[in-house]
Structures are given as C-alpha cells and as structure tokens.
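The values are calculated or read from the model by the stated rules, or taken from the named source; none is laboratory data. Not measured: the values here are computed from a predicted model. Here the Cβ positions follow ideal geometry from the backbone for every residue, glycine too, while neighbour counts run over all protein chains shown. Just the protein is used for accessible areas: all its heavy atoms, side chains included, with ligands, DNA and RNA removed. Shrake-Rupley method; radii C 1.70, N 1.55, O 1.52, S 1.80 Å.
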2 protein chains.
Amino acid sequence: MQAQASATAGTTEETMTVSTAGLQRKSDLLRRFARNAQFEAQTGIRREHLLKALGLIAREPAPVTRAVIARLTGLTSATASSLVAELIALGLVVETGRAESTGGKRATRLEIARDAYLVVVAVVRTRAIDTALVDLAGRTVASRRLDVAGGMEVATVVDAIRALTEGFEPQVLAACVQVPGVTAGGVVVESVQLGWRGVPLAGIVEEAIGAPASVVNDVDAEALTEAVDADDGAIRLVVHLGEGVGAAITNGGTLMSGATGRAGEIGHVRVIYEGERTRCRCGLSGCLESATSMSAMLGDAYTDELDDHDTSLLASTAEARERMGFGARALARALRISSALLDPEEIVIAGAAPALGPHFLGTLRDEYEMYPAKGTTPVPIRYGRPELSEYLGPARFALAPVLGDALPLTPAR
Amino acid sequence: MQAQASATAGTTEETMTVSTAGLQRKSDLLRRFARNAQFEAQTGIRREHLLKALGLIAREPAPVTRAVIARLTGLTSATASSLVAELIALGLVVETGRAESTGGKRATRLEIARDAYLVVVAVVRTRAIDTALVDLAGRTVASRRLDVAGGMEVATVVDAIRALTEGFEPQVLAACVQVPGVTAGGVVVESVQLGWRGVPLAGIVEEAIGAPASVVNDVDAEALTEAVDADDGAIRLVVHLGEGVGAAITNGGTLMSGATGRAGEIGHVRVIYEGERTRCRCGLSGCLESATSMSAMLGDAYTDELDDHDTSLLASTAEARERMGFGARALARALRISSALLDPEEIVIAGAAPALGPHFLGTLRDEYEMYPAKGTTPVPIRYGRPELSEYLGPARFALAPVLGDALPLTPAR
DNA sequence: CTACTTAGTTTAGCCAGTCAACAAAGTGAG
DNA sequence: CTCACTTTGTTGACTGGCTAAACTAAGTAG
C-alpha cells in the first residue's frame, strides 16, 4: 500500500503482441468449467472428456484429427466430433488445414488456439517482482520486472499483476503467484524471506483480476517446470540448489506436498556425521545445506541473484572445486536413500546448479553410484534445463484448477 | 508338482462357519463390475457411485441410511435409493433394523453383508504356506497352514488355495498371494527366497479358482495392513524390520511402487560412514540393514520364523541392547531424511520390531528427534499393530480391482 | 387432531453417451 | 473416366443414469 512509490522507478518492459480474438468467450468458458467442477462426479464426465481431447491435441506428436481423438479415447466418432465442436466454440482449439489422405477423405487438423487465452504469472522475490503473460503454447508474450526497495508488500504484488494484465482481462484464464517459503492451498503459510505469514494471497489476487489464482512455492514451481514433459505417473525428484537446498517430488504432473505441505524440506537434515563437523547457519551441524548449497560450495559471494556466468566464475577457483566435491558427496548420500525409497524415473538437479558445469554433475554421479545397493537400480541424474522458461511451472500450476494438466505449455513438441 | 506328497503331512485346520446365502449372485456381481471397469470413463460413473455408497456404509462411524448416503455424496435421495437397491441385490449390503427418529420417519439402517462373500489370501513363506478365507468385515473365517519341505513349488501354492476354497467357490470374490521378493502386475519378478523368477502367479491362480487374483510383496502387504484406517490422501511410511530391512509408502489406501516397482528397497543404502565400518552380507559396508535388521541387532539366532516371545528374549541380553541402540541410530538417520522428503502423516515400524518393546522405540524416537531440522516437524513414530490380522493387507489388495478400496475390512469401527 | 419434519419412492425429463445410417472426399483398378 | 472401396465426419434414434418434483410413509410436537 505504500512501497510502490519508490518501486515504479525500476520497471522494465518487453514485447506485447497478443491476438484479441475471442474476447467475450472467456467468461463463458470459466462459468462452464466452474459449474462442471462443482458437479464433479455427476456431469463431470463431459469435462473429463473435453480435457482428454484437449490434452491429445496439445500433446500428440502426430497431427490430431477428430478421428484420431475417437480412436485414442475409445469414444465414438460422433462424440469426438461433439467434443471438438465444443472446444472450438470455447476458443481453445482451431482447425488448421487438412491432413494427407490415408486412403479416404482427408482429415481436418486440429491445434490448440495458442494465443486465445493468457495465464498470468508473478514471481515474487525478496527485492523484485517479475510478472509475465504466458499463452497456451507456453510462450511468454509479455513480461515486466519491478524492483522493490524496502520490504515487499502484498499490495505491490497485486498492483504489479494488475498493471501487466490491464487491457487483457477478458483473455486471462488463470493466475499463479510464486513466492519463496511455505505455501498451502493458496495461502502463504510462512515466508521468512518476505516477512509474510498466513497471507491468503490466492484470494486477494483472484479478487483483483477476476480469474482463479494459485500460490506456489519457488522450489515446487521449479519442479513443475522440469516436469513439463511428464509422462503420467512418472515420479521425479527435483533438488534445488541455491542459497539453500530444497527438493520437490512430482508424481505425473502433480506435486506431492506431504501431510503438512512441507515435503521436500531436506536442507537441514543431517547427512555428515564424521570428520569435521560442518557448522550450518541453522545452528545444527552436518546439514545437507551446509555442504551442498551454492553458498557453501562457492562462498558467501554467491547469491541467488547472480547470473550463470558469474556463478561459473566463482565455481572455477581451486577452493570452490574442492568444496564442490565435498558438496557432491553430501548430496549423493541424500540422493541414495531418497531414490531407494521412491524409485523415481530420474533425479533433476536444478536451481543455480547447472552453472556449476559437467564436473560437479560427474562427481555427483560418481559418488551416487559408488555404493550400488543391491536391489536398487541407479537412477539417472541430470541438471535442470535452463532453456525452459521459469514461468512454465507456475503457468501450469495456474491452469490446473481450470484445465487440469491438459496443456503441457511446451511449444516444441 | 512333486513336493506336496510330503507336504500334506503338516496341515493344521481351523474353524469354518460361513453363511451360504447368495450363492448364485457372485458371477453376476463380477460380470457387472468387470464390464463397468472396461467402459471405465464412460458408464463407470455408476460403478464409482456404487463404490462410494458402499464405502460410506462400511466406514461411517454413525449408522448409515439412504438419506445419509444422499447427503454425504451430494446425490439425490432418488439416486441414493437406487444405488442401495442395487447393492442389496448384489448381496453386498443388508438392511438392519431402523434408526431412531430425528423428528420424522425412522430411517432404515444399512450395513455391509459381512459374510456374503469371501476373499482368499495365501501367504507363501520359504517353508510354509498360510491360506485364509477373510470375510467382508475382515474376519478370518478359516485358515490353514501347510508346511512344505524341500523347495516351494507353484503347484503346491495353487493346490493349497484350492484345498481351502473347496465348496466356497461361488462366494469367493477375489484372491491375493503374498510372496517375499519383487512383484509387479501380478508377476513374481524375482524371489530369491523362493527361487522363483518371472512367475505369472496371478494368472495361474485366477485360472485355478475363477476369481480375480493379485500378487503382493510381503513388505507392501504389511504396509497395507498398517494402513487399514487410511484417511484418503494420508502418506504413511512403513519400515519392516526382520532378517532384512525394507520399507513401503502408502498414499491413502494405495501403494507407491516407483518407476521399476522397487520403491522402498532401502536395506542396502549406506547410512554409516564413520567409525567401525559394519560389514553387510551384501558385500558393502555401512548398509542400514547391517545395523538395523533384527538379525544384526539380535544376532544370528534370530529368524523371521521366531515368535514374539522368543524374539523379546533375544532382545533382553546386554549385547543385544547395545546393538539395538546402534541400530536405532542408523535407522533414525534414514528416517530423518525420508520424513523430511515425504512429510508423511506417521512412520510405522513393523515386521518383528514390536517384539523389541518400548525401549527400542524410545531410543529410536530420541535419536530421530535429536537433530530437529528447521522447517520440518518431527513425525510421530509408532510400532505396527500386532493385533491386526496379517491377512488384512493382502485381502484389501485382492479387493482393489473388484471393489476399489471401498471396504476397509476392519470389523471394529 | 393437525401441522410439521424426515425418509424414501415414483414419474417425467435431461444430458451425454452409443449405434447405425449416411454424406463427403479421397484412393486405385479396370 | 468410372466404379468400388476407404476413411472422415455428421445426423438421428435410442439408452443409461442422473435430477427435479410430486407423492407416500411414518414419525414428532403443540
């Protein structure tokens, strides 16, 4: 309510070109889906089928036609037609030319209407807010950064979102705010970084922009970004390395948040019991974070605001190299037990870690596979993909209540 | 095919009193549910609603009536009536008197038809097979033990099952065979203990008794037994201590089996890095199992065949006490990281561990809470409940494909 | 005895599927 | 070029499973 006077100074803008087709349809769509969601078990089959069809159109690598939808869903061609008709009426799908003949009539190709709708993403950091508009193909069509001096206020976040969405309101399908800290059910339970506690942020944003809003933790958001191409049911363990260490588990396209919403908080679990006891900032010693956080490995010069280039510079010193070996060993300990317990498809090391380069990853893999426990298969470990837009995860999280995980938001597929 | 000549000698029998009502209905039920399962998304709503109603009747502590079902499901009273009518026709539910008036007409109470149907459970051990018939209230109405000398044969298991079910065929709803080793999708992938590999056991049993059969791992079966009163969505970590160490994660009423079906195989993960390196039978050293298995703590005299009394005798020696402290410390290390990652509702120490008594559990809790990691809440740790029949987990696993997890099989509720 | 409350059934109608017939638009053989 | 055949997609009659609303049944309270 006060902070934005000084804040508006640091505003950076980007391109803004979005088709204005289907302006009036949004409210229809939302009303329809909202109603169906209520009835859930009863008439919700229609919704389920619509989303299934939508998902096929978005995900199938081969061109999708009404006939393909009928075959892959097991529904009648009549039903497939009716589903597609509704999706087209909703503005979510468009016909794009005709496919080659396969011995009969040429089919009509279907594609997601990429720019008919938008998702709002706001990433709240300690001293800045990044806002972005993402279209249904996952492309960032607009983004702004707002530097905030002296304490982050909820009102500043709302204003930033409102400023970016101005004029696009009818196209906005959903919103997601990413914050550091513990979140649950649209509420910021506690964010030490922001100094917030029990803020019902989703409700506030929902009120402000008139579209369903969600709130997600930064580590969880990153895990969702890395799970963009999730085959359903695949379990993925994503570890975030930054000033701290956190993790998240995705099961298919959804997060496992645990009984109290604190699943993945492994930073201050003790993994080092022998030799020099590493003192941690939390007061304990031997914590995973005290060995494996970027700050522990690269020194206090490291902050989460650094770019990849500066980070890799820090990582090139001899001292850093040695600390990285120690960090890798500590992380490997945590990963061995975690992967034996969960048996995940893969382990992703994300956050700022990719800037550490192949050496750290190699060391980590070596350490991880050093004790090949009988009965367990070593799980592939890879870095997070920095080429993925960080807005993808939050955007998918935002869409979940509206469209399930029908849209992967990945353009190249 | 050969072994049962000497085997039939050691047969022990128990009571056998089951109502023979509704003999002819079974095939109808199975056919109906099988058909619905095929159509799944399409006409499966009916099935879903039938199971939901069945679940309410089984689980709700207060007496359930048609009106209650209507209220709790959100369906119309008309639909609730029709669902109940069908459940009664199927023989799964019975009317039991009338409830008190709450200001109007007295309602008709509904209850599960406890003994109309039966589930067959077979527990295959290295030198014996336990078979049991469990009714829909979870009561064991018949059980036998067959001692097997010289190598366990698949045919012996089938014969044992057939021998117990003889005469009850029309009432048998489903079957489950519990085996030690790795299982997946009805196949015994590998069982070192039995010397089996790639045995399609579910199919074989299904053929033999004409009812859907499943195959489950012993640790998983135990975890399901401990999760009998699972609130939906609750995550539970169950650790089995026996000659080896294993774990299982239940999410609501279902198991998390991981990407390759090996989730929970934490026995040979290294947790001890300092001091005396504990040599493990697997060839590595510092494994969890080398410190925390019952054999490691109680000495080679321990076997999984021992009863609780003999086990606790072994545990009372001074040497065992000291080893138990060491084992508890090792297990605590594994539990700290596991619980931080999963944030489960509770941790259950099962297998033969309850025989170790309160001292071991107390030590374990103390060790576990010794490093209270910031941001994580200590998770309650308890022993498995020996009073629960070991057939409950397998019976629920058997029912899953037929009735979902509608029936908790717990009589006292 | 009457008004009101709660339980449960019956009847008509609707929604979202299926099935089957058909129109539309292509291919390839003669 | 024509005709038989294939594949795509639409249309209309039918069906299952729900809702809504009227009704019956059986109780309580004034």
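Taken together, the residues in the stretch B:73-106 that are over 17 Å from B:L136 (Cβ atoms), open to solvent by less than 50 Å² (accessible area, probe 1.4 Å) and in a loop (DSSP other than H, G, I, E, B) amount to 3. From the list B:V189, B:V205, the one residue that fits, being buried (at least 24 other Cβ atoms within 10 Å of the Cβ) and not in a loop (DSSP other than H, G, I, E, B), is B:V205. Total residues in the stretch B:150-186 satisfying the condition of being aliphatic (A, V, I, L, M), open to solvent by 20 Å² or more (accessible area, probe 1.4 Å) and touching a strand residue (DSSP E or B) at 6+ places or on another chain (Cβ under 9 Å): the figure is 4.
Restricting the stretch A:58-72 to residues that are more than 10 Å from DNA strand D (Cβ to nearest atom) and open to solvent by less than 60 Å² (accessible area, probe 1.4 Å) leaves a set whose member that is farthest from A:P408 (Cα to Cα) is A:A62.
When the stretch B:161-193 is filtered for residues that are in contact with a Phe, Trp or Tyr (Cβ under 8 Å, 6 or more places away or on another chain) and closer than 20 Å to B:L118 by Cβ, the ones remaining, listed by number, are B:Q171, B:V172, B:L173, B:C176. Within the stretch B:307-331, being open to solvent by less than 70 Å² (accessible area, probe 1.4 Å) and not β-branched (V, I, T) holds for B:D310, B:S312, B:L314, B:A315, B:A320, B:M324, B:G325, B:F326, B:G327, B:A328, B:A330, B:L331.
Residue-level check: of (1) free of Cβ contacts under 8 Å to residues at least 24 places away in the same chain; (2) within 16 Å of DNA strand C (Cβ to nearest atom), A:V94 misses just (2).
Note on the stretch B:218-231: residues that are within 12 Å of chain A (Cβ to nearest Cβ) and either out of contact with any strand residue (DSSP E or B) (no Cβ under 9 Å at 6 or more places or on another chain) or assigned to a strand (DSSP E or B) (or both) amount to 1.
Criterion applied to A:A334, A:A373 was being crowded, with 22+ Cβ neighbours inside 10 Å, modelled with pLDDT under 95 and facing another protein chain (nearest Cβ under 9 Å), and the one residue passing it is A:A373. Any residue in the stretch A:268-289 that is open to solvent by 20 Å² or more (accessible area, probe 1.4 Å) and within 28 Å of A:A128 (Cα to Cα)? Taking every residue of the stretch A:268-289 in turn, at least one turns out to be open to solvent by 20 Å² or more (accessible area, probe 1.4 Å) and within 28 Å of A:A128 (Cα to Cα).
Results for (1) touching a residue at least 40 places away in the same chain (Cβ under 8 Å); (2) surrounded by 20 or more Cβ atoms within 10 Å (Cβ to Cβ); (3) outside the structural domain of A:G138 (by TED's automatic domain parsing), shown as yes or no for each residue.
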| position | (1), (2), (3) |
| --- | --- |
| A:V215 | no, yes, no |
| A:A234 | yes, no, yes |
| A:V238 | yes, yes, yes |
| A:L241 | yes, yes, yes |
| A:G244 | yes, yes, yes |
| A:I249 | yes, yes, yes |
| A:G258 | no, yes, yes |
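Condition test on A:D147, is it open to solvent by less than 40 Å² (accessible area, probe 1.4 Å), more than 16 Å from DNA strand D (Cβ to nearest atom) and of a type in the set (D, E, K, R)? When the stated conditions are applied, A:D147 does not pass them.
When the criteria are applied in full, B:T278 fails the requirement of being over 18 Å from B:F326 (Cα atoms), of a type in the set (V, I, T) and at pLDDT below 95. The set of residues in the stretch B:316-331 being outside any helix (DSSP H, G or I) and within 10 Å of chain A (Cβ to nearest Cβ) is empty. Of B:L409, B:L388, all but one fail to be farther than 24 Å from B:S293 by Cβ, under 12 Å from the mean Cα position of the chain (by Cα) and more than 14 Å from every other protein chain (Cβ to nearest Cβ); the exception is B:L409.
Note on the stretch A:259-311: residues that are assigned to a loop (DSSP other than H, G, I, E, B) and within 26 Å of the chain's Cα centre (by Cα) total 18. Counting the residues of the stretch A:338-356 that are touching a helix residue (DSSP H, G or I) at 6+ places or on another chain (Cβ under 6 Å) and part of a helix (DSSP H, G or I) gives 3. Going through (1) away from DNA strand C (no atom under 11 Å from the Cβ); (2) at pLDDT below 95; (3) touching a strand residue (DSSP E or B) at 6+ places or on another chain (Cβ under 7 Å) one by one, A:E60 falls short only on (3). For A:A234, the criteria (1) within 14 Å of chain B (Cβ to nearest Cβ); (2) closer than 21 Å to A:A137 by Cβ; (3) of a type in the set (A, V, I, L, M, F, W, C) hold in every case but one, which is (2). Of B:A107, B:A122, B:A175, all but one fail to be modelled with pLDDT of 95 or more and within 16 Å of DNA strand D (Cβ to nearest atom); the exception is B:A107. Figure legend. Inter-residue proximity from the stretch A:64-89: first residues farther than 11 Å from A:A53 by Cα, second residues surrounded by 19 or more Cβ atoms within 10 Å (Cβ to Cβ) and at pLDDT 95 or above, beta-carbon distance below 6 Å, spacing 6+ or different chains. Indicated pairs: A:S77/A:A70.
Selection of the stretch A:249-301 for residues being out of contact with any Ser or Thr (no Cβ under 7 Å at 6 or more places or on another chain), within 9 Å of chain B (Cβ to nearest Cβ) and β-branched (V, I, T) yields A:I249, A:I266, A:V269, A:V271.
For the residues B:L335, B:L409, B:L399, the requirement of being over 17 Å from A:I266 (Cβ atoms) and in contact with a helix residue (DSSP H, G or I) (Cβ under 9 Å, 6 or more places away or on another chain) singles out B:L409. For B:T250, are the conditions met, namely being assigned to a loop (DSSP other than H, G, I, E, B) and not basic (K, R)? Spelling it out, it is not the case that B:T250 is assigned to a loop (DSSP other than H, G, I, E, B) and not basic (K, R).
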